[in-house]
Amino acid sequence: MNNFSFYKDGKGLYCLFFIWLCFSFSSVYAKTTVRHSTIFTQQHQIQGTITDGLNPLPGVTITVKSRLNSSTISDYSGQYTLFSAPNDTLIVSFIGFKTALIPIKSRTNIDIQLLYDITTLQEVKINAGYYSVKESERTGSIARITSKDIETQPVTNILATMQGRMAGVSITQATGVPGGGFDIKIRGQNSIRTDANAPLYIIDGVPYSSEPVGSFYTGTTFPTLTSPLNSINPDAIESIEILKDADATSIYGSRGANGVVLITTKKGKAGKTKFTVTASTGTGTVTKFIKLMNTQEYLDMRRQAFINDGISEYGISDYDINGTWDQNRYTDWQKELLGGTAQITDLHASVSGGSQNTQFLVSGSYHTESTVFAGDFLYRKGGSQINLNHQSEDNKFKMTFSAGFNRQDNNQPSFDFTYDARALPPNAPALYNSDGELNWENGTWDNPLRNLNTEFESATNDLTANTTLTYELAKGLSVKSNLGYTLLHNDETRIVPSTIYNPANNVSSAGSAIFLNNTDRSSWIIEPQINWKKDLGKSNLDILLGATFQSQKSQSLVQSGTGFASNNLIYNLAAAKNVRVLNNDQTQYKYQAFFGRINYNLKERYIINLTARRDGSSRFGPGNQFAYFGAAGLAWIFSNENLLKDSSWLSFGKIRSSYGTTGNDQIGDYQFLDTYTTSSVLYGGNTGLSPSRLYNADFGWETNKKFEAALELGFFQDRIFVTGAWYQNRSSNQLVGLSLPGTTGFTSIQSNLDAVVENSGLEFTLRTSNFVKGNFTWITNLNLTFANNKLVRFPGLESSAYSQQYRIGKPLNIALLYDLKGVNPQTGLYEFEDLNGDGSITFPEDRQAMADLNPKYFGGIQNQLTYKGITLDFLFQLVKQKNRTYPMGPAGMMSNQQQRITGSWREQNDIAPYQIYTTGYNDDAMTASYLLDESTGSVTDASFVRLKNISLSYNLPLSLKETQCKIMLQGQNLLTFTKYKDGDPEFLSYGFLPPLKVITAGIQLIF
């Protein structure tokens, strides 16, 4: 790790840059202000408003034809002012519209209406990370959404804004509890390690850690640790680009193996100072409940279970059926425990503006969200963002500064009520007594609301700052430096007070417990770059060279305390009789790289893009710290050939392809060292150390080889635009733990596994401009992905620890299952295929049937319709997949079941889909029930089509020219069409709250 000592003082360098920046900016800005005031003071002044016929257009460029260096930009209300000669001509240009030439003719007020031009969408600049490229000229695979797509969705995590909108990007929400996580896979799972498939996140040029936040000791409300992107405010995002293929990701080297998510925040625009205030409020509810038995169906099942087991009398603890509990009472526990309404409020405000040379934006946001659970719980998130852009009068010096600070406060029960809501008998007692206290029904049941006292509290502070400095040394030659810093602090607490126990059990406060997690994570990055662009007449050459120096420090401390004298002291760890340190990690990750790009464009037809990167990572041992990655991208814009250039029907045509390598070092820090941890066993009253990892410095980088071929076609001025792409990614040299014999004292050793994982598929996108005329427009966007994942190679799989987890030629995400034959009409028990013919069902010999749990295909279709000031935008998400049925345990015990289980076997010769009821005393039935949960009978079709998002907005026709007012109605997860019977089909974690259906109403005021 000494290889990285030469930039250990990077923080000091960052500070020097910042000080220099402040002095440079103040002097340059002062000069700019003075010079600007003297320009065109004797010229003819022109002003006016630019619209699309209905709405004002901010950000439109207006240039004087005879003096191309004289231009201005329309402000938020579409207004502009500039000076020109009386008989000159204005050139008015804006992305998405046809360029207009407007003769001045001595007029002082000129209002301009621009016409839509679909073909100019090909001229949009796409962010590719270290560089930008025209949409028409990119050689790589890049998916993109903008603030127009994001602002229609009432969501708090930016990953949710991408669901169903991007080909090749699969996103699943882990829980409906606010502050929960998301799972994202870009073109499938590349690594056998399930925790090594996260993409690289970059916010305004600064890498943002993909490591989840929190600890499993404290965050028991969630099925997975919380997403680090929860801190980012979607309202602050201008665009999100997803880099997918080798051409787009290889310049990021080892960090781009699983794709790159580029997040660009909003920037200020030249013009009058603009104030924007947006406020909304709404509600959230569970999308779908499981259809469970009512009281009579449940009691009939229980009585039959006693008969089946030959038990003539009910036990003293069979409260549900022995008469202790009301036999006619019915409670829908799903509605009782999960049927609440989450209240959601959002407030966002910003101020922006500036001159031609300096623009600014300052914004703030505040979000609150309660839960559908009982009790007073609240998730709060607030933050602010600042952005400053400046360029010198001669346009040689440019500076961009952005910073964002966000804070989350989450207060939730540390117990998810979903399991109880589905398992409690429907005639269980009421939750409260007549005096308002929790009802324990004379000690006959454990009230589920006891867990309201098991509170989970989390506070997260997150800071991201970035400065980019650019200076043009000569025409086409510029130097650039990107400086970034991130800081995250997270505190989590979970308490388990003695008040959660039935008072009849007389549990003292000494049985209470507290768990605490403190996480700190900081990083800095410096990226100097030099860029040379040369116009060679019929061709263009673009060369980029740069370096990356990054350091990240992480610290995590997890503690627990038990044995409190009083529950009033439970938050004071010093008051605990027993204190344990469950985890105490302090790590440092250092990374350096040198990268380059060469782009050659001949006649705007033939394009080659070469990228390369040399990476160095402190996560590998000496001799293996460095690796080389690179890619080549080719494109042929055949629509620019003379034969097709003037085609009346083909407006754009491009063939592109790429091949290259990326790497992966997502194994955690210090994995190659022999490490020790503190022992939980005291020796002579002292805490000792125990070995926790074996030394192995021989393993190296995981490598991902990517290939793609794509065709892009535009018809009739791009009113129909279609893209088809085929890709194949092969990830080898897998970084996993190799199993060791128990006699070594270790279960595994970190190493490279000679296994190969392949992801391949087809991606299809279609954009159609169905109707663009007068006051009405209708645009449709469709994306569809057919994905295939398989394990290509794994020498010695049969004898490894993974022998009952993977199969050659099959996906990584498979389930090996017993093959269910059905219910035996004579015995009433589930029967399974006896593969080895030994007369019994054994593991692993008989658990060999396979179920692929990866989506077969997924996508979405979006429509946007606009008429005058009304805009309707809606998105349907579709997924073809299989999923597990919800496991409810053996039918007949003191636990509710799905209503369909009423069709269970009752007597000989019955032909039934479900087996005999049992109270738990029929060992054969119990065994068969448990085998069912690991059989083909537990897998079902979970495909769905969901109205993922709908947004209706109306721009009020105000008489105030410089004021805009828009009212909005938005919905998320509103309708789901599926055959899946066990709740929400998207949801993959049992016993946890599924995603919520959200409806909000809001208003936006711009003045």
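Just a few scattered comments:
- So residue 773, is it under 30 Å from residue 169 (Cα atoms) and basic (Lys, Arg): no
- Scan of the stretch 381-416 for residues that are hydrophobic (A, V, I, L, M, F, W, C) and modelled with pLDDT of 95 or more, ordered by number: 386, 388, 397, 399, 401, 403, 405
- A single member of 318, 332, 346, 326 is buried (at least 17 other Cβ atoms within 10 Å of the Cβ) and farther than 30 Å from residue 385 by Cα, and it is 318.
- The residue of the stretch 163-197 that is surrounded by the fewest Cβ atoms within 10 Å (Cβ to Cβ), among those that are among the hydroxyl-bearing types (Ser, Thr, Tyr) and modelled with pLDDT of 90 or more, is 172.
- Yes/no for residue 194 being assigned to a loop (DSSP other than H, G, I, E, B), free of Cβ contacts under 8 Å to residues at least 40 places away in the same chain and not charged (D, E, K, R): yes
- Single residue of the stretch 908-934 satisfying the filter (acidic (Asp, Glu) and free of Cβ contacts under 8 Å to residues at least 60 places away in the same chain) that is surrounded by the most Cβ atoms within 10 Å (Cβ to Cβ): 933
- Residue in the stretch 854-874 that is farther than 30 Å from residue 55 by Cα, in a loop (DSSP other than H, G, I, E, B) and of a type in the set (Ser, Thr, Tyr) present: no
- In the stretch 877-887, the count of residues that are aliphatic (A, V, I, L, M), in the same structural domain as residue 420 (by TED's automatic domain parsing) and touching a residue at least 12 places away in the same chain (Cβ under 8 Å) is one or more.
- Subset of the stretch 215-234 (residues that are in contact (Cβ under 8 Å) with a residue 12 or more places away in the chain, surrounded by fewer than 23 Cβ atoms within 10 Å (Cβ to Cβ) and over 27 Å from residue 858 (Cβ atoms)): 215, 217, 220
- Verdict on residue 251 being touching a strand residue (DSSP E or B) at 6+ places or on another chain (Cβ under 6 Å) and in contact (Cβ under 8 Å) with a residue 12 or more places away in the chain: yes
- Here the strands (runs of 3 or more DSSP E) wholly within the stretch 539-647 that include at least 1 residues being closer than 30 Å to residue 715 by Cα and touching a Phe, Trp or Tyr at 6+ places or on another chain (Cβ under 7 Å) are 539-562, 606-617, 626-636.
- Restricted to the stretch 795-811, and to residues there that are hydrophobic (A, V, I, L, M, F, W, C) and at pLDDT below 95, the residue that is farthest from residue 923 (Cα to Cα) is 797.
- In the stretch 877-916, residue nearest to residue 162 (Cα to Cα) [restricted to those that are touching a Lys or Arg at 6+ places or on another chain (Cβ under 8 Å) and aromatic (Phe, Trp, Tyr)]: 886
- Filter pass, residue 808 being in the same structural domain as residue 954 (by TED's automatic domain parsing) and surrounded by fewer than 17 Cβ atoms within 10 Å (Cβ to Cβ): yes
- Scan of the stretch 465-512 for residues that are within 22 Å of residue 214 (Cβ to Cβ) and out of contact with any Gly (no Cβ under 7 Å at 6 or more places or on another chain), ordered by number: 486, 487, 488, 489, 491, 493, 494, 495, 496, 497, 500, 512
- When residues of the stretch 614-657 are limited to those that are among the charged types (D, E, K, R) and under 18 Å from residue 245 (Cα atoms), the one nearest to the chain's Cα centre (by Cα): 656
- Comparison of 452, 463 shows that the only residue that is crowded, with 17+ Cβ neighbours inside 10 Å and assigned to a helix (DSSP H, G or I) is 452.
- Test: residue in the stretch 815-838 that is surrounded by 14 or more Cβ atoms within 10 Å (Cβ to Cβ), closer than 23 Å to residue 754 by Cβ and at pLDDT 95 or above: yes
- Residue within the stretch 922-929 that is of a type outside the set (Asp, Glu), assigned to a helix (DSSP H, G or I) and in contact with a Phe, Trp or Tyr (Cβ under 7 Å, 6 or more places away or on another chain) present: yes
- Against the test of being surrounded by fewer than 19 Cβ atoms within 10 Å (Cβ to Cβ), outside any strand (DSSP E or B) and free of Cβ contacts under 8 Å to residues at least 12 places away in the same chain, the options 446, 435 yield a single qualifying residue, 435.
- Considering residues of the stretch 714-769 that are in a loop (DSSP other than H, G, I, E, B) and aliphatic (A, V, I, L, M) only, the residue farthest from the chain's Cα centre (by Cα): 740
- Within the stretch 267-307, being in contact with a Leu (Cβ under 7 Å, 6 or more places away or on another chain) and surrounded by fewer than 19 Cβ atoms within 10 Å (Cβ to Cβ) holds for 267, 277, 279, 285.
The values are calculated or read from the model by the stated rules, or taken from the named source; none is laboratory data. Fair warning: this is a prediction, and the values are worked out from it, not measured in the lab. Every residue, glycine among them, receives a Cβ derived from its backbone with ideal geometry; neighbour counts consider all protein chains shown.
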